[in-house]
Amino acid sequence: MSVAYMNEEFAYYHNLWNEKKREGKEKFSSGAPLSKCISTVSLMLSDTFSGKKRYMSFENIKKIVKDLQAINYDGAVSLSLYGEPFDGSNVFEIAEYIKDELLNASVFLYTNGLYVNESAKDNINETIDLLTVKVSDERELERIRNLDIRTGLYAFMENFDVGIIKYIQKDEGSFVSMPCSSLIDKVVVSPVGDICLCDVHQEQNCNIGNIFEKMSFEKVIDSPKIRNIQGELLSGNRELFDVCKVCGRVL
Ligand code: SF4
């Protein structure tokens, strides 16, 4: 299990989002438990430890869900961060269980798309709130596009040089208003010193400041303009930039 927070500042900004979007959730203050601020819990349904494949048992999933119920968790539960979730696990049974037990949480699924097909689409529509698919080529992207996926969908292909080169998004899910942590957990600097909004669209010249114009990295990052962008993205506002309006990336 991993959590989204990288540092205290991230937690602070995310709390601003909590205040706006999650009424009733305990207010964050310094010293407040981090468990109150987590927005995504990623379950590694499998991993390869010492060359041996291990799988998360249903018993362990139940224990995690029970613990999340105890903190009234209402963020996302993501399946899965590293291992391919369809590999050896009944991912839809798990997703359904999480949905039934954590009524205010969302279920995200990240997969290579191999098993995203006609026979899986009903299960996807019923149990998954956001499906993210990393595809290997354009044909695969078109195949995913033509499936009747009615939940949130973000499918993309990328290459080593330019990152994400093509993607599709259907935004019928709830994720379009989810916060984005760009500029907090990662800052992208171009070869000429431009600070980019994020790595998703660095090829689209999304520069929002330049370290040579402002003379230092710190001055750009701590400028009111960038602080404002950070705050808006964390509040779930994706209207500031065209690239954000069509982006399905979440925290
Ligand atoms: S919403 Fe998407 S495009 Fe916009 S900053 Fe975040 S990751 Fe980048």
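Only the coordinates and a few stated rules stand behind these numbers; no lab work does. Computed from a predicted structure; not experimentally measured. A quick note on method: Cβ atoms are made from the backbone with ideal geometry, for glycine too, and the neighbour counts reach across all protein chains shown.
If r is the Cβ-Cβ distance from S57 to K225 and R0 is 35 Å, what FRET efficiency results, to the nearest 0.05?
It comes out at approximately 0.10.
Loop only by DSSP, 14 or fewer other Cβ within 10 Å of the Cβ. Give me the GluC sites (Glu not before Pro) in region 46-124 that pass, ordered by residue number.
Answer by residue number: there is no such site.
List every residue whose amide H lies under 5 Å from the amide H of S80, counting only residues 5 or more places away in sequence or on a different chain, with H placed 1.01 Å from N in the peptide plane.
Here Y110 satisfy the definition.
What is the Å³ per residue value for the convex hull set by the Cα atoms of region 96-139?
So the per-residue Cα hull volume is 73 Å³.
So if each residue of separation counts as 0.36 nm, and I subtract the Cα-Cα distance between A70 and V243, what length gain in nm does that give?
58.5 nm
If all Cα-Cα distances of region 60-122 are sorted into 5 Å bins from 0 onward, what percent lands in each bin, rounded to whole numbers?
4, 17, 28, 25, 14, 9, 3, 0
Can you give the FRET efficiency to the nearest 0.05 for N210 and L114, using r as the Cβ-Cβ distance and R₀ = 41 Å?
Working: r = 42 Å, r/R0 = 1.02.
So the FRET efficiency works out to roughly 0.45.
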